[in-house]
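Remarks on the structure that follows.
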Amino acid sequence: MRALITGGGGFLGGRIARMLHERGDEVTVFGRSAYAHMAALGIRCVQGDVRDGETVRRACAGIDAVFHAAALPGIWGPDDLYYQTNTVGTENVIRAAQACGVGRLIYTSSPSVVLGAAAVRGGNESLPYPGRYLAPYPRTKALAERKVLAASSGHLRTVAIRPHLIFGPGDPHLLPRIVARARRHRLVRIGNGENLVDITYIDNAAQAHVQAADELSSPGRCAGRAYFVSQGEPVKLWDWIGEVLARISAPPIRRRLSHRTARCAGACMEGLYRMLRIRAEPPMTRFLADQLAHDHYFDISAARRDFGYTPVVSTAEATDRLVEWLKALNL
């Protein structure tokens, strides 16, 4: 396989690139930086921005499969920046793949594209897109996912993978931020602490993308479809966070807020930050309050059935690896 990974220097994109390289595929990573660590492995690097359609088109020349993992993450920021990166950037990837005769497009989506104001317990891919989103990230990712799935054809087979809360060594977002807040005694438990949430170890998330790509080549049962992937066993979110903190000798979580209080505080902060045009992320938003207090876990049987997805690293082993990495970081 001659594969192009957009966002190939990132957490998930980088792991996909290394996984493909290790099995002998010809890999090119595309991103805004040079990625010397990838080049040192013998992986070809192309510097560019997915918002630049011509640059993306040139990168797709001679490619068999595109793994589109580039995105602007987060829960706060200018709507247009999210739209240009996540939606227009994806449109550019689709057009480039079509123009260059790429046969497969594997899109990294997110379960947040189907999350509204209600909890989700064991939901499957029949869940509809909500009518309203509380943050630009899920809204623009949902728009992009729709375009990817609609583009699937006999010439370009597409699939969307929805990994939930990716974690593991190298995580630049989730766990280091949680640990840092705990060290400053600023971590607050939202809700009653009983909510069940899916998590996905980085190797399992990457493996799902590779397996879906292989399936798209023949017979292509997953073409034009979206799939949830995770560890396959939700965790009590706050118990799991508490375990990780305890194992790295970080301060325990002592402060608590009800979901209702946190959501009200989030609404007030959102309004204040917009009124004062503060670009920094508020400490709380309605979207974040819902994410931290609600159940949100999904049925992954479709991924198991259609492209053989099985979490190869268990939650226990994945947590052990995470803890060792966090200890080495000495946050």
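Going by the structure shown, is GLY8 modelled with pLDDT under 95 and either surrounded by fewer than 24 Cβ atoms within 10 Å (Cβ to Cβ) or within 21 Å of LYS141 (Cβ to Cβ) (or both)? So GLY8 fits the description; yes. Inspection of region 168-176 finds a residue satisfying the criterion of being assigned to a loop (DSSP other than H, G, I, E, B), touching a strand residue (DSSP E or B) at 6+ places or on another chain (Cβ under 8 Å), touching a residue at least 40 places away in the same chain (Cβ under 8 Å) and buried (at least 23 other Cβ atoms within 10 Å of the Cβ). For the condition more than 21 Å from PHE287 (Cα to Cα) and touching a residue at least 40 places away in the same chain (Cβ under 8 Å), CYS100 qualifies. Flag set for GLY42, criterion: surrounded by fewer than 24 Cβ atoms within 10 Å (Cβ to Cβ), on the phi > 0 side of the Ramachandran plot and not hydrophobic (A, V, I, L, M, F, W, C).
Yes or no, residue by residue, for (1) free of Cβ contacts under 8 Å to residues at least 60 places away in the same chain; (2) under 20 Å from GLN207 (Cβ atoms); (3) hydroxyl-bearing (Ser, Thr, Tyr); (4) in contact with a strand residue (DSSP E or B) (Cβ under 9 Å, 6 or more places away or on another chain):
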position: GLU22; (1), (2), (3), (4): yes, yes, no, no
position: PHE30; (1), (2), (3), (4): yes, no, no, yes
position: SER33; (1), (2), (3), (4): yes, no, yes, yes
position: ALA40; (1), (2), (3), (4): yes, no, no, no
position: VAL50; (1), (2), (3), (4): yes, no, no, yes
position: GLY53; (1), (2), (3), (4): yes, no, no, no
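Residues that are surrounded by fewer than 17 Cβ atoms within 10 Å (Cβ to Cβ) and more than 16 Å from LEU12 (Cβ to Cβ) do occur in region 155-163. Any residue that is of a type outside the set (D, E, K, R), surrounded by fewer than 21 Cβ atoms within 10 Å (Cβ to Cβ) and free of Cβ contacts under 8 Å to residues at least 24 places away in the same chain - is there at least one of those in region 205-222? Yes, some residue in region 205-222 is of a type outside the set (D, E, K, R), surrounded by fewer than 21 Cβ atoms within 10 Å (Cβ to Cβ) and free of Cβ contacts under 8 Å to residues at least 24 places away in the same chain. Of the residues in region 265-310, how many are farther than 28 Å from VAL235 by Cα and assigned to a helix (DSSP H, G or I)? Total meeting the criteria: 8. Taken over region 235-271, the criterion of being surrounded by fewer than 16 Cβ atoms within 10 Å (Cβ to Cβ), closer than 19 Å to HIS296 by Cβ and within 24 Å of the chain's Cα centre (by Cα) is satisfied by LYS236, ASP239.
Listed here are the residues, each with its yes/no results for (1) under 15 Å from the mean Cα position of the chain (by Cα); (2) surrounded by fewer than 23 Cβ atoms within 10 Å (Cβ to Cβ); (3) modelled with pLDDT of 95 or more.
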position	(1), (2), (3)
GLY48	no, yes, yes
ALA69	yes, no, yes
GLY74	yes, yes, no
GLN84	no, yes, yes
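Screening region 280-323 for residues that are in contact with a Pro (Cβ under 8 Å, 6 or more places away or on another chain) and farther than 17 Å from VAL114 by Cα and picking the one that is surrounded by the most Cβ atoms within 10 Å (Cβ to Cβ) gives LEU322.
The values are calculated or read from the model by the stated rules, or taken from the named source; none is laboratory data. Worth saying up front: this structure is predicted, and the values here are computed from it rather than measured. Cβ coordinates were reconstructed from backbone atoms using ideal geometry, including for glycine residues, and neighbour counts include every protein chain displayed.
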